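Undergrad: Dropping a structure here in structure tokens format, bear with me for questions.
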Amino acid sequence: MAAQVITITSGKGGVGKTTAVANIAVALAANGSKVVCIDGDIGLRNLDVILGLENRIVYDIVDIIEGRCRLKQAMIRDKKLPNLFLIPAAQTRDKNAVSASDMKRLAKDLYSECDYVLVDSPAGIERGFKNAIAPADRVIVVTNPEVSAVRDADRVIGILEAEGKGPGSLILNRLNPSMVKKNDMLSADDVLDLLAVDLVGIVPEDEGVIVGSNRGAPVAADPKSKAGQAFRNIARRITGEDVPFLDLESSGSLWERIQKLAGRN
Amino acid sequence: MSFLDKLLGKKASADSAKERLQLVLIHDRTDLTPAELESLRDDLVATISRHIEIDVEAMEFGLEHDGRSQRLVADIPIKRVPRRRAKRKAKTK
């Protein structure tokens, strides 16, 4: 068993990297894969609260690297999914406590422990980001359909290409279908046209995501959530399944569908 | 986008976003500012003009992208030189 290491990054902060990591991890684990998430945002630990594991932290990533604990002691098991683990970031240290080779060594030690290692990258394109992509077999860039997020995603994709990590693939997060319909938001096609990379998934804007983070229960575990469905589909695509994209832009009401049929839209 | 905006001929904001991003991304990717591009254009015009007479007004010059790769595209109409040369030849005869 050799794990695949997937780093999730974005350039811009606040686009939903951590949420994406948590949800993809939950969806992969629910399908039976063994998953270890690494919070790569040293000093700004967050993946623990999104996963609802903040009260279980004893050791963190810097403790492993500096030899204060064994790898397995810092792997926190999820409350509901026994094959999902978190290695938390250190909260009282800065990003200089970890190097790219530390990350590679850590990932290597996890190869035989699981199917997927998901690394949550910090925002930006500096050291923390470089550390996070160092061990990656695959990089997923999260963006929003919004000018600054798309621009930063493009910068990150350029850096990934320059670092020999491929162009990466894209998750378009927080798409608001009704705004797209009014031509007041970039559509998925617009963003793909601009960035020219492969798409792994489109996640609709969903209030449930906030509710889920309030509770420490990612929406991927909620069968009724649309965003949850999108993240479950992303997880299946990561495992190599060919899953069609959700038709988010189709209109909901009967009247709008009739108009569409009549060629009015 | 509201009905009133449409009535006033205002461009949909998503279209502005896309157009603006297209330009910004090309400059980000090539690390060329619009001013540098302008100076490159001027140099190109000066160099070519030393050899042939070109129609600077009708010239097209800019960056285009094809997937993730960029290219510099120039379309430079040449003024009708041959005819004038023919005239000059006729005069010298």
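The values are calculated or read from the model by the stated rules, or taken from the named source; none is laboratory data. Only a predicted model underlies this, so the values are computations on that prediction, with no experimental measurement involved. FYI the Cβ positions are ideal-geometry reconstructions off the backbone, even for glycines, and counts take in every protein chain you see.
Undergrad: Considering each residue of the range A:163-180, count those that are over 17 Å from A:Phe231 (Cβ atoms) and buried (at least 17 other Cβ atoms within 10 Å of the Cβ), and give that number.
TA: 5
Undergrad: Does A:Arg45 satisfy the criteria of being free of Cβ contacts under 8 Å to residues at least 60 places away in the same chain and touching a Gly at 6+ places or on another chain (Cβ under 9 Å)?
TA: no
Undergrad: Also, quick follow-up: So which residues in the range A:76-103 are touching an Asp or Glu at 6+ places or on another chain (Cβ under 6 Å) and either free of Cβ contacts under 8 Å to residues at least 24 places away in the same chain or farther than 15 Å from A:Asn55 by Cα (or both)?
TA: A:Leu84, the sole residue that qualifies.
Undergrad: Report those helices (runs of 4 or more DSSP H) wholly inside the range A:156-229 carrying at least 2 residues which are away from chain B (no Cβ under 11 Å) and within 15 Å of the chain's Cα centre (by Cα).
TA: Per the criteria, A:207-215.
Undergrad: Something else about it: Restricting attention to the range A:46-61, which residues are buried (at least 18 other Cβ atoms within 10 Å of the Cβ) and in a helix (DSSP H, G or I)?
TA: A:Leu47, A:Asp48, A:Ile50, A:Leu51, A:Ile61
Undergrad: Just checking, which of A:Glu126, A:Glu146 is within 14 Å of another protein chain (Cβ to nearest Cβ) and surrounded by fewer than 23 Cβ atoms within 10 Å (Cβ to Cβ)?
TA: Criteria check complete, one pass: A:Glu146.
Undergrad: Taking into account only those residues within the range B:2-39 that are farther than 21 Å from B:Asp66 by Cβ and not in a helix (DSSP H, G or I), which is modelled with the lowest pLDDT?
TA: This residue is B:Ser2.
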